[in-house]
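Colleague: Starting off with a structure, shown below.
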Amino acid sequence: MSLSLAGQLVAAVVEGKALTEQLAHSRRRHTAPDINWGAVQDLTYGTLRDYGRGDAVLGQFLQKPLPAALHGVLLVAFHRLEQRHDQAHTIVDQAVSAAASLAPGLKGVVNGVLRNILRRFDALVTRLDATPETRLRHPDWWIRRLRASYPDDWEAILAAGNQHPPMALRVNRRRLTPEAGLARLAEAGIAARLLDNGALCLERACPVDQIPGFFTGDFSVQDAGAQWAARWLAPRDGERILDACAAPGGKTAHLLELADVDLTALELDPARATRIEENLERLGLSARIEVADCADLERWWDGRPFDRILADVPCSASGVVRRHPDIKWLRRNTDIPRFAAQQASLLDALWRTLAPGGTMLYVTCSVFDEENRSQIARFCARHADAIRMAIDNQIERIVLPGADHDGFYYALLQKHR
């Protein structure tokens, strides 16, 4: 059952649908108590991380297209064969059983394809490892962009994008210090490390119901790289702050945990705005939540300027692909200029709402230069009153994905008085 469901999820992504939404839909649709959703998710995410390899192999063995779900089953099966080659016969049997439940008349095709792959397995893997796109498990255009921007780090960035993501917690500073939070986790048998910015990186991911005090607001799940945002924006008591594009509310909550501020959280999607409200309620915090396009100032802005703005803008999400492996294959090279244009429009609008002397922190979870360094250079060229501010003695902070965190870009701008 796990392989069949994973195959259907992979097929949905190949057809252009977002994995997170499809996984939620599948869980609502399939309610049998014996389904191991942990296994389904592991198979699906692993297959999508390696999608380029599986797709290249199947292209050599399929004479004509199969139904999408069966193609997905074959992709999952090949992923498992690479990971557990010693279990090859079991994997083939499971794939054939999955095919029988989806399209009984084609189970022989699935069996034949997989057994042909097994006969030529070593040669196939050698060929895959000789091609950058299949060896590095990213689209070719993606690889080219990273090589141009990070000549010394591009391979490490790609390798990080193929790994399982770490799990990090944010301590609610209104209730605990990071050191006290670390001690509470240790008492509960949860091993973690305290990072430079106060984030707690777990040695092993665990369900939130195992985290002591989670449901009463002592901890939140938030990537360690994202926890720099509130610290580098540096809110102060009494300030008026805007968190633009705020859902799901992690950075909103972090700002409120650090200072007593008048905070407005903007979110375009009503459902995602509800998540902000839910997160703040769990933490015992409050903010003004507006459902609006942050570029549509007439709809939401009352004309009073903000002291600080967190501009965590929509982007390619190329820095978080290990959490969302479908992104690698759904994105296109032509999407990056489109994101950059949207970001520029949002920045120009938000800049109007910032008070003279106020600061705006620009944030993306992208590793592409066009959305980051080049974006801020273009913005400063358009706005003579924009002053680049140092972040911990650096003009910008590029947080590349690594063992402890995902990839982010930060730039701090001050409006000239």
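The values are calculated or read from the model by the stated rules, or taken from the named source; none is laboratory data. Because the structure is predicted, anything quoted here is derived from the model rather than measured. A quick note on method: Cβ atoms are made from the backbone with ideal geometry, for glycine too, and the neighbour counts reach across all protein chains shown. Side chains included, ligands, DNA and RNA excluded: accessible areas come from the protein's heavy atoms. Shrake-Rupley method; radii C 1.70, N 1.55, O 1.52, S 1.80 Å.
Colleague: Identify all residues within segment 227-243 that are within 23 Å of residue 295 (Cα to Cα) and under 21 Å from the mean Cα position of the chain (by Cα); write none if there are none.
Modeller: 229, 230, 243
Colleague: Sticking with this structure for a sec: So which of 160, 180 is without any contact (Cβ under 8 Å) to a residue 40 or more places away in the chain and either small (Gly, Ala, Ser) or touching a Cys at 6+ places or on another chain (Cβ under 6 Å) (or both)?
Modeller: Details: 160 fails: without any contact (Cβ under 8 Å) to a residue 40 or more places away in the chain.
Result of the check over 160, 180: 180.
Colleague: All but one of (1) under 25 Å from residue 240 (Cβ atoms); (2) open to solvent by 10 Å² or more (accessible area, probe 1.4 Å) hold for residue 354; which doesn't?
Modeller: Going through the list (1) under 25 Å from residue 240 (Cβ atoms); (2) open to solvent by 10 Å² or more (accessible area, probe 1.4 Å), residue 354 breaks only (2).
Colleague: Another question, then. Surrounded by 22 or more Cβ atoms within 10 Å (Cβ to Cβ) and either without any contact (Cβ under 8 Å) to a residue 40 or more places away in the chain or small (Gly, Ala, Ser) (or both), is that true of residue 77? Write out each step before concluding.
Modeller: On the way: surrounded by 22 or more Cβ atoms within 10 Å (Cβ to Cβ): yes; either without any contact (Cβ under 8 Å) to a residue 40 or more places away in the chain or small (Gly, Ala, Ser) (or both): yes.
Criteria met by residue 77.
Colleague: I've got another one for you. Can you confirm whether segment 116-131 contains a residue that is modelled with pLDDT of 90 or more and in contact with a Phe, Trp or Tyr (Cβ under 7 Å, 6 or more places away or on another chain)?
Modeller: Yes: segment 116-131 contains one or more residues that are modelled with pLDDT of 90 or more and in contact with a Phe, Trp or Tyr (Cβ under 7 Å, 6 or more places away or on another chain).
Colleague: Looking only at segment 18-59, count every residue that is touching a residue at least 60 places away in the same chain (Cβ under 8 Å) and surrounded by fewer than 17 Cβ atoms within 10 Å (Cβ to Cβ) and tell me the total.
Modeller: 3
Colleague: Only one of 145, 170 is within 25 Å of residue 254 (Cβ to Cβ) and buried (at least 16 other Cβ atoms within 10 Å of the Cβ); which? Give the derivation first.
Modeller: Details: 145 fails: within 25 Å of residue 254 (Cβ to Cβ).
That would be 170, the only listed residue that is within 25 Å of residue 254 (Cβ to Cβ) and buried (at least 16 other Cβ atoms within 10 Å of the Cβ).
Colleague: If the requirement is being without any contact (Cβ under 8 Å) to a residue 24 or more places away in the chain and hydroxyl-bearing (Ser, Thr, Tyr), which of these qualifies: 134, 126?
Modeller: Numbers: 134 fails: without any contact (Cβ under 8 Å) to a residue 24 or more places away in the chain.
So the residue among 134, 126 that is without any contact (Cβ under 8 Å) to a residue 24 or more places away in the chain and hydroxyl-bearing (Ser, Thr, Tyr) is 126.
Colleague: Can you tell me which residues in segment 148-167 are surrounded by fewer than 15 Cβ atoms within 10 Å (Cβ to Cβ) and among the polar types (S, T, N, Q)?
Modeller: Hit for segment 148-167 is 163, nothing else.
Colleague: Return only the number of the condition from (1) touching an Asp or Glu at 6+ places or on another chain (Cβ under 6 Å); (2) over 30 Å from residue 177 (Cβ atoms) that residue 303 does not satisfy.
Modeller: (1)
Colleague: Would you mind stating whether residue 232 is in contact (Cβ under 8 Å) with a residue 60 or more places away in the chain and crowded, with 20+ Cβ neighbours inside 10 Å? Spell out how you get there, then give the answer.
Modeller: Values: in contact (Cβ under 8 Å) with a residue 60 or more places away in the chain: yes; crowded, with 20+ Cβ neighbours inside 10 Å: no.
For residue 232, the condition - in contact (Cβ under 8 Å) with a residue 60 or more places away in the chain and crowded, with 20+ Cβ neighbours inside 10 Å - is not met.
Colleague: Listed residues 349, 355; which is in contact (Cβ under 8 Å) with a residue 12 or more places away in the chain, touching a strand residue (DSSP E or B) at 6+ places or on another chain (Cβ under 8 Å), farther than 30 Å from residue 167 by Cβ and among the hydrophobic types (A, V, I, L, M, F, W, C)? Please lay out each step first, then the result.
Modeller: Values: 349 fails: touching a strand residue (DSSP E or B) at 6+ places or on another chain (Cβ under 8 Å).
355 is the lone residue from the list that is in contact (Cβ under 8 Å) with a residue 12 or more places away in the chain, touching a strand residue (DSSP E or B) at 6+ places or on another chain (Cβ under 8 Å), farther than 30 Å from residue 167 by Cβ and among the hydrophobic types (A, V, I, L, M, F, W, C).
Colleague: OK, next. For segment 156-179, check the following and say yes or no: at least one residue is in contact with a strand residue (DSSP E or B) (Cβ under 6 Å, 6 or more places away or on another chain), within 30 Å of residue 369 (Cα to Cα) and of a type in the set (Lys, Arg).
Modeller: There is at least one residue in segment 156-179 that is in contact with a strand residue (DSSP E or B) (Cβ under 6 Å, 6 or more places away or on another chain), within 30 Å of residue 369 (Cα to Cα) and of a type in the set (Lys, Arg).
Colleague: With respect to the numbered conditions (1) open to solvent by less than 60 Å² (accessible area, probe 1.4 Å); (2) in contact (Cβ under 8 Å) with a residue 12 or more places away in the chain, which one is the sole condition not fulfilled by residue 94?
Modeller: Here residue 94 meets the rest and fails (1).
Colleague: Of 114, 106, 146, which residue is in a helix (DSSP H, G or I) and farther than 22 Å from residue 59 by Cα? It would help to see each step written out before you state the result.
Modeller: Details: 114 fails: farther than 22 Å from residue 59 by Cα; 106 fails: farther than 22 Å from residue 59 by Cα.
Testing whether each residue is in a helix (DSSP H, G or I) and farther than 22 Å from residue 59 by Cα leaves just 146.
Colleague: Examine segment 237-251 for a residue that is surrounded by fewer than 18 Cβ atoms within 10 Å (Cβ to Cβ), of a type outside the set (D, E, K, R) and on the phi > 0 side of the Ramachandran plot, and state whether such a residue exists.
Modeller: Checked segment 237-251: at least one residue is surrounded by fewer than 18 Cβ atoms within 10 Å (Cβ to Cβ), of a type outside the set (D, E, K, R) and on the phi > 0 side of the Ramachandran plot.
Colleague: I would also like to ask the following. Select, from 288, 308, the only residue that is under 17 Å from residue 242 (Cα atoms), open to solvent by less than 60 Å² (accessible area, probe 1.4 Å) and at pLDDT 95 or above. Step through it out loud before you land on a result.
Modeller: Values: 288 fails: open to solvent by less than 60 Å² (accessible area, probe 1.4 Å).
Of the residues listed, the single one that is under 17 Å from residue 242 (Cα atoms), open to solvent by less than 60 Å² (accessible area, probe 1.4 Å) and at pLDDT 95 or above is 308.
Colleague: Show me the strands (runs of 3 or more DSSP E) found entirely inside segment 367-417 where at least 3 residues are within 22 Å of residue 234 (Cα to Cα) and open to solvent by 40 Å² or more (accessible area, probe 1.4 Å).
Modeller: 386-389
Colleague: Quick one: in segment 236-256, which of the residues that are in a strand (DSSP E or B) and of a type in the set (A, V, I, L, M, F, W, C) is nearest to residue 349 (Cα to Cα)?
Modeller: Start the filter on segment 236-256 by keeping residues that are in a strand (DSSP E or B), which leaves 240-244.
Subset that is of a type in the set (A, V, I, L, M, F, W, C): 241-242, 244.
Details: 241: 15, 242: 13, 244: 11 Å.
Among those that are in a strand (DSSP E or B) and of a type in the set (A, V, I, L, M, F, W, C), it is 244.
Colleague: Hey, another quick one. Looking at segment 339-360, can you tell me whether even one residue there is at positive phi, touching a Gly at 6+ places or on another chain (Cβ under 8 Å) and not in a helix (DSSP H, G or I)? So that I can check it myself, show each step before the final result.
Modeller: Let us first name the residues in segment 339-360 that are at positive phi, namely 357.
When the remaining residues are screened for being touching a Gly at 6+ places or on another chain (Cβ under 8 Å), the result is none.
Within segment 339-360, not a single residue is at positive phi, touching a Gly at 6+ places or on another chain (Cβ under 8 Å) and not in a helix (DSSP H, G or I).
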